[in-house]
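**Q** Have a look at the structure that comes next, please.
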Amino acid sequence: MSKHKILGLDSLSLHNMLDEDSELIPLMTPEDEELINNEEVPGVLPILPLRNTVLFPGVVIPITAGRDASIQLIKDANAGDKIIGVVAQKNEEVENPTEQDIYKTGVVAQILRVLKMPDGNTTVIIQGKKRFEIDQIIETKPYLKATTKEIIENRDLDKTKEFIAIIDSIKELALQIIKANPMLPSEASFAIKNIQSSSFLVNFISSNMDLTVKEKQELLGQNDLKERALLTLKKLNKELQRLELKNDIQSKTRSDMDQQQREYYLHQQLKTIQEELGGVSNDEELEEMRLKSLTKKWSKEVADTFEKELGRLRRMNPQMAEYGVQRNYLELMLELPWGEYSEDKFDLKRAQKILDRDHFGLEKVKERIIEHLAVLKLRNDMKSPIICLYGPPGVGKTSLGKSVAESLGRKYVRMSLGGLRDEAEIRGHRKTYIGAMPGRLIQNLKKAGTANPVFVLDEIDKLSNSHQGDPSSAMLEVLDPEQNTEFYDNYLEVGFDLSKVLFIATANNLGEIPWALRDRMEIINVSGYTTEEKIEIAKRHLLPKQLKEHGLTKEHLKLGKAQIEKIIEGYTRESGVRGLEKQIAKVVRFAAKSIAMEDAYEIDLTNDDIEKILGPARLERDKYETNDVAGVVTGLAWTAVGGDILFIESILSKGKGSLSITGNLGKVMKESATIAMEYIKANAEDFGINPEVLEKYNVHIHVPEGATPKDGPSAGVTMLTSLVSVFTQRKVKNKLAMTGEITLRGKVLPVGGIKEKILAAKRANIKEIILCKENEKDILEIKESYLKGLTFHYVTDMSEVIQLALTKQKVKNAKKLA
């Protein structure tokens with residue numbers, strides 16, 4: 001490795017970063033300066049913005065790169081000529097600086113060394129060369145690049161008596177400051193005395209003065225060397241005055257510090273006397289901890305670890321900061337529930353009653369919990385499964401955990417994972433760091449007091465990752481029954497058995513959960529509620545809960561089935577019941593206000609009263625539209641909040657056979673429309689369509705509500721039906737909806753989200769539904785009560801869809817297509 005010349009006071013602290021072949025030179029010789037002055041400034045430079053420092057020519061500084069763009073820039077430059085442009089940011093808070101966020105004047109720098117630090121950041125040692133000015137930013141990705149021009153420095157006054165006197169004054173003041181400031185190393189005086197270059201002396205001192213970025217940038221921007229030296233001298237004078245004032249204050253307060261030290265020693269003597277008189281000493285407290293450890297049900301490995309760490313604590317001085325850290329660690333070990341299990345209650349009928357009491361519907365979930373209890377009762381030992389309740393918001397996934405805990409007779413713990421992006425939140429910090437803490441899993445188990453609680457991992461699909469690690473990867477060990485018998489927390493440093501914990505995760509979107517994590521969980525779909533179910537939930541749970549929270553009883557307000565149904569259909573848009581509860585709360589507040597103000601009101605509310613309280617019905621979701629016009633077809637869609645219906649419209653206009661699509665559609669739905677159009681062209685005669693019509697008319701497909709993004713493989717059959725309808729001018733049957741995807745051969749493919757779509761169809765008063773034959777198995781899993789009043793047609797080919805969906809008669813005022 002070639003020897004580096006490391007220049008400047010900052011380099012004294014860099015010695016440990018360099019290897020044996022690096023040479024530490026705290027001075028710049030005239031020859032070095034001459035070499036730098038003869039170098040040309042490149043016309044184009046990659047620009048590295050610095051948050052809180054300014055680089056000066058000739059000076060060496062270390063910088064830490066944390067931004068992705070900066071790391072990429074350093075990587076590219078280090079692999080090339082190692083020359084970069086360094087500028088300061090105007091505001092250090094800006095994360096991704098643009099041209100407006102950086103100063104125009106900067107310094108060409110050479111990368112001397114790139115170091116990968118233990119904390120994951122990249123530290124770079126750079127040396128300033130010459131000043132430049134940014135002419136124009138030409139690239140912003142992956143990092144800034146700019147055209148530059150060199151700033152010529154005026155050095156004609158180097159030999160004048162006045163300039164020499166200024167330089168001598170700067171040296172003298174700098175030496176006084178070093179002497180007055182105990183924080184500066186003595187080597188700094190040697191460096192100052194032996195600097196031969198006037199310009200480097202000014203740059204060297206400007207770089208090391210305690211100034212703001214703005215003040216340092218002002219010094220860097222001075223083109224005239226004499227002016228820069230005068231400004232440096234002025235700021236040195238201020239610094240010396242500040243130091244002298246600080247030292248004066250410290251000398252006056254030193255006597256007070258001596259008094260505090262005297263009191264400290266007296267307190268220590270008093271503490272010793274109290275211990276002699278029968279007080280509790282540290283040794284006695286540590287002995288109590290040792291005796292307590294003998295009662296713990298932990299393994300030999302954990303017991304040995306505790307004894308070792310306790311012995312280490314005994315040898316520590318109680319006044320050391322590490323003493324408190326070590327003591328907290330041992331107290332955590334003693335407070336954790338090693339081998340402490342609550343006894344499961346195996347009364348299955350009681351458990352069923354609790355689940356039915358707290359949650360209406362959700363039969364699959366309840367059945368799974370009862371099965372788990374049954375196996376526990378028969379075997380009395382079982383690795384707890386990891387259950388993931390998946391469904392739209394507000395359907396009772398989180399609250400179900402409390403009911404499960406009560407039915408099992410276990411403690412209940414909930415941990416929200418939404419937005420969690422630090423792996424240490426799961427695995428904990430290493431206890432050697434200041435402020436280290438165990439992971440939230442261990443913290444919650446400590447609060448629970450048992451090692452087999454019902455542990456709800458809320459919003460597991462909202463986990464994110466960052467430079468601090470990937471929490472979803474850390475969850476892999478937690479949620480694997482084969483691995484979590486020895487869960488390793490970085491703070492605890494010994495394995496903890498999580499195999500008896502009943503984990504229940506909740507998620508709104510399975511697609512957001514990494515496949516490896518999803519594979520470790522048993523997925524149970526908690527879909528939306530029908531209107532009938534919502535009415536029962538409102539009567540049994542929501543209304544009594546809101547009356548209680550607002551200080552009322554059922555004698556103060558009564559809501560009938562018709563009124564609850566009106567609230568559901570006119571004021572809520574959801575698969576769950578969270579929005580419904582908010583509207584019921586608004587009605588209850590109206591009653592509470594009337595009682596408090598002694599106003600008369602009807603206890604038995606009517607539909608008109610509901611409209612007066614909540615205003616006119618705002619929502620007409622899932623409202624079926626008549627389809628007397630050709631080309632209008634009702635489709636079924638899945639959304640993150642449940643099922644929905646959508647309408648696909650097609651219209652013809654004279655043209656050259658082009659296809660246009662609108663309605664904020666995604667790539668998949670646009671492809672479905674193209675496939676449908678091409679299939680019709682290939683099979684036009686089978687559908688009774690004149691092939692010449694396809695070439696003389698333009699087709700426009702539109703899906704209303706363009707503000708809402710729509711995408712997914714479920715609209716193929718709907719689009720094809722809409723196109724055949726508009727080309728043949730035959731209308732679609734009343735109260736009929738469909739879902740499915742198609743192939744170029746006209747085959748109908750199965751789709752997902754069937755239950756949610758069926759519920760949406762029922763809310764919209766649809767009577768007939770066309771599905772792929774392979775989706776029949778999904779219908780068989782749905783309760784018969786949900787399917788009441790619906791007729792299903794199972795198809796395998798598009799010809800069957802057209803035959804079922806289109807009536808034989810044409811629409812009124814049908815266009816004559818020629």
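The values are calculated or read from the model by the stated rules, or taken from the named source; none is laboratory data. None of the values given here were measured: they were computed from a predicted structure. Methodologically, a virtual Cβ is constructed for each residue, glycine included, from the backbone with ideal geometry; neighbour enumeration extends over all protein chains shown.
**Q** Between ALA682, ALA673, ALA707, which is out of contact with any Ser or Thr (no Cβ under 7 Å at 6 or more places or on another chain), farther than 22 Å from VAL629 by Cα and modelled with pLDDT of 85 or more?
**A** ALA682
**Q** Within the range 513-541, count every residue that is within 32 Å of the chain's Cα centre (by Cα), surrounded by 15 or more Cβ atoms within 10 Å (Cβ to Cβ) and not β-branched (Val, Ile, Thr).
**A** Number of matching residues: 9.
**Q** Which of (1) of a type in the set (Phe, Trp, Tyr); (2) touching a helix residue (DSSP H, G or I) at 6+ places or on another chain (Cβ under 8 Å); (3) over 30 Å from LYS534 (Cα atoms) is the odd one out, the single condition TYR390 does not satisfy?
**A** The single condition TYR390 does not satisfy is (3).
**Q** List every residue pair whose Cβ atoms sit under 9 Å apart, with the two residues 6 or more apart in sequence or on different chains, where the first one lies in the range 418-442 and is farther than 11 Å from ASN490 by Cα and the second, anywhere, is of a type in the set (Phe, Trp, Tyr).
**A** Within 9 Å, the pairs are LEU441/PHE455; LEU441/PHE487; LEU441/PHE496.
**Q** If only one of GLY401, GLY361, GLY324 is touching a residue at least 60 places away in the same chain (Cβ under 8 Å), out of contact with any helix residue (DSSP H, G or I) (no Cβ under 6 Å at 6 or more places or on another chain) and not hydrophobic (A, V, I, L, M, F, W, C), which one is it?
**A** When all the criteria are applied, what remains is GLY401.
**Q** Taking MET333, is it in contact with an Asp or Glu (Cβ under 9 Å, 6 or more places away or on another chain) and under 30 Å from TYR491 (Cβ atoms)?
**A** Details: in contact with an Asp or Glu (Cβ under 9 Å, 6 or more places away or on another chain): yes; under 30 Å from TYR491 (Cβ atoms): yes.
The answer is yes for MET333.
**Q** Then there's this: Can you tell me which residues in the range 424-450 are surrounded by fewer than 23 Cβ atoms within 10 Å (Cβ to Cβ) and in contact with a strand residue (DSSP E or B) (Cβ under 8 Å, 6 or more places away or on another chain)?
**A** Those that are surrounded by fewer than 23 Cβ atoms within 10 Å (Cβ to Cβ) and in contact with a strand residue (DSSP E or B) (Cβ under 8 Å, 6 or more places away or on another chain): ALA424, ARG440, ILE442, ASN444, LYS447, ALA448.
**Q** Can you find a residue that is more than 34 Å from the chain's Cα centre (by Cα), in the same structural domain as THR432 (by TED's automatic domain parsing), surrounded by 14 or more Cβ atoms within 10 Å (Cβ to Cβ) and under 17 Å from VAL404 (Cα atoms) anywhere in the range 355-368?
**A** Within the range 355-368, one or more residues are more than 34 Å from the chain's Cα centre (by Cα), in the same structural domain as THR432 (by TED's automatic domain parsing), surrounded by 14 or more Cβ atoms within 10 Å (Cβ to Cβ) and under 17 Å from VAL404 (Cα atoms).
**Q** So LEU24 clears everything in (1) at pLDDT 85 or above; (2) aliphatic (A, V, I, L, M); (3) touching a His at 6+ places or on another chain (Cβ under 6 Å) except one condition, right? Which one?
**A** (1)
**Q** Sticking with this structure for a sec: Out of the range 407-423, which residues are crowded, with 19+ Cβ neighbours inside 10 Å and not aliphatic (A, V, I, L, M)?
**A** Matches in the range 407-423: SER407, ARG410, LYS411, GLU423.
**Q** In addition: With respect to the numbered conditions (1) in a loop (DSSP other than H, G, I, E, B); (2) over 30 Å from ALA538 (Cβ atoms); (3) out of contact with any Leu (no Cβ under 6 Å at 6 or more places or on another chain), which one is the sole condition not fulfilled by LEU420?
**A** If we test LEU420 against (1) in a loop (DSSP other than H, G, I, E, B); (2) over 30 Å from ALA538 (Cβ atoms); (3) out of contact with any Leu (no Cβ under 6 Å at 6 or more places or on another chain), just (3) comes out false.
**Q** Considering the range 460-502 alone, what residues qualify as being in contact with a His (Cβ under 9 Å, 6 or more places away or on another chain) and either of a type in the set (Ser, Thr, Tyr) or not in a loop (DSSP other than H, G, I, E, B) (or both)?
**A** Selection gives TYR491, LEU502.
**Q** Also, I was wondering about something else. Just name the residue that is modelled with the highest pLDDT out of those in the range 104-118 that are touching a strand residue (DSSP E or B) at 6+ places or on another chain (Cβ under 9 Å) and not in a strand (DSSP E or B).
**A** My answer is LYS104.
**Q** Return yes when LEU378 is over 15 Å from VAL454 (Cβ atoms) and either at pLDDT 85 or above or part of a helix (DSSP H, G or I) (or both) and no when it is not.
**A** yes
**Q** Could you check how many residues of the range 776-797 are part of a loop (DSSP other than H, G, I, E, B) and closer than 20 Å to ILE742 by Cβ?
**A** Going residue by residue through the range 776-797, those that are part of a loop (DSSP other than H, G, I, E, B) are 781-783, 788-790, 796.
Of the ones still in play, those that are also closer than 20 Å to ILE742 by Cβ are 796.
Final tally of qualifying residues: 1.
**Q** Out of all the residues in the range 156-187, which are of a type outside the set (Val, Ile, Thr) and buried (at least 20 other Cβ atoms within 10 Å of the Cβ)?
**A** ALA174
**Q** Of everything in the range 582-604, what is surrounded by 13 or more Cβ atoms within 10 Å (Cβ to Cβ) and modelled with pLDDT under 85? Give them in sequence order.
**A** First pass over the range 582-604, keeping only residues surrounded by 13 or more Cβ atoms within 10 Å (Cβ to Cβ): 582-592, 594-595, 601.
Once the filter is applied, which keeps residues that are surrounded by 13 or more Cβ atoms within 10 Å (Cβ to Cβ) and modelled with pLDDT under 85, the range 582-604 yields only TYR601.
**Q** Could I ask something else about it? If you go through the range 547-593 one residue at a time, how many are in a helix (DSSP H, G or I), farther than 30 Å from LYS755 by Cα and either free of Cβ contacts under 8 Å to residues at least 12 places away in the same chain or out of contact with any Leu (no Cβ under 8 Å at 6 or more places or on another chain) (or both)?
**A** Adding up the residues that qualify gives 5.
**Q** Could you tell me how many of the residues in the range 33-65 are at negative phi and either in a loop (DSSP other than H, G, I, E, B) or not assigned by TED's automatic domain parsing to the domain that holds ASP101 (or both)?
**A** So the answer is 13.
**Q** Okay, next question. Is it fair to say LEU744 is assigned to a loop (DSSP other than H, G, I, E, B) and either more than 25 Å from ASN509 (Cβ to Cβ) or of a type in the set (Phe, Trp, Tyr) (or both)?
**A** yes
**Q** Please state which one of GLY657, GLY752 is part of a loop (DSSP other than H, G, I, E, B), modelled with pLDDT under 90, closer than 23 Å to GLU774 by Cβ and among the small types (Gly, Ala, Ser).
**A** Every option except GLY752 fails the conditions.
**Q** Only one of these is out of contact with any strand residue (DSSP E or B) (no Cβ under 7 Å at 6 or more places or on another chain), closer than 23 Å to PHE496 by Cβ, of a type in the set (Gly, Ala, Ser) and modelled with pLDDT of 85 or more: SER293, SER342. Name it. Give the derivation first.
**A** On the way: SER293 fails: modelled with pLDDT of 85 or more.
Only one candidate passes the filter, namely SER342.
**Q** Now, a different point. Among all residue pairs at least 6 apart or on different chains, which show Cβ distances below 9 Å where the first residue, located in the range 669-682, is at positive phi and the second is among the polar types (S, T, N, Q)?
**A** Pairs found: none.
**Q** Tell me the residue from VAL699, VAL703, VAL717 that is buried (at least 16 other Cβ atoms within 10 Å of the Cβ) and touching a Lys or Arg at 6+ places or on another chain (Cβ under 8 Å), please.
**A** Result of the check over VAL699, VAL703, VAL717: VAL703.
**Q** Right, something else. May I ask you to list pairs of residues, at least six apart or on different chains, whose Cβ atoms are under 7 Å apart, with the first in the range 506-523 being β-branched (Val, Ile, Thr) and the second being assigned to a loop (DSSP other than H, G, I, E, B)?
**A** Short answer, once both residue conditions are applied: THR506/GLU459.
**Q** Can you name every residue in the range 311-354 that is surrounded by fewer than 15 Cβ atoms within 10 Å (Cβ to Cβ) and either of a type in the set (Lys, Arg) or in contact with a Cys (Cβ under 8 Å, 6 or more places away or on another chain) (or both)?
**A** If the condition is that a residue be surrounded by fewer than 15 Cβ atoms within 10 Å (Cβ to Cβ) and either of a type in the set (Lys, Arg) or in contact with a Cys (Cβ under 8 Å, 6 or more places away or on another chain) (or both), then ARG312, ARG314, ARG315, LYS349, ARG350, LYS353 are the ones that fit.
**Q** Output the residues belonging to the range 290-330 that are assigned to a loop (DSSP other than H, G, I, E, B) and either in contact with a Leu (Cβ under 8 Å, 6 or more places away or on another chain) or closer than 18 Å to ASP489 by Cβ (or both). First the steps, then the outcome.
**A** Looking only at the range 290-330, we keep the residues that are assigned to a loop (DSSP other than H, G, I, E, B), and these are 294-299, 315-320.
Of everything in the range 290-330, those that are assigned to a loop (DSSP other than H, G, I, E, B) and either in contact with a Leu (Cβ under 8 Å, 6 or more places away or on another chain) or closer than 18 Å to ASP489 by Cβ (or both) turn out to be LYS296, TRP298, SER299.
**Q** Which one of these is closer than 14 Å to ARG113 by Cβ, over 31 Å from the mean Cα position of the chain (by Cα) and in contact (Cβ under 8 Å) with a residue 24 or more places away in the chain: ALA77, ALA65?
**A** ALA77
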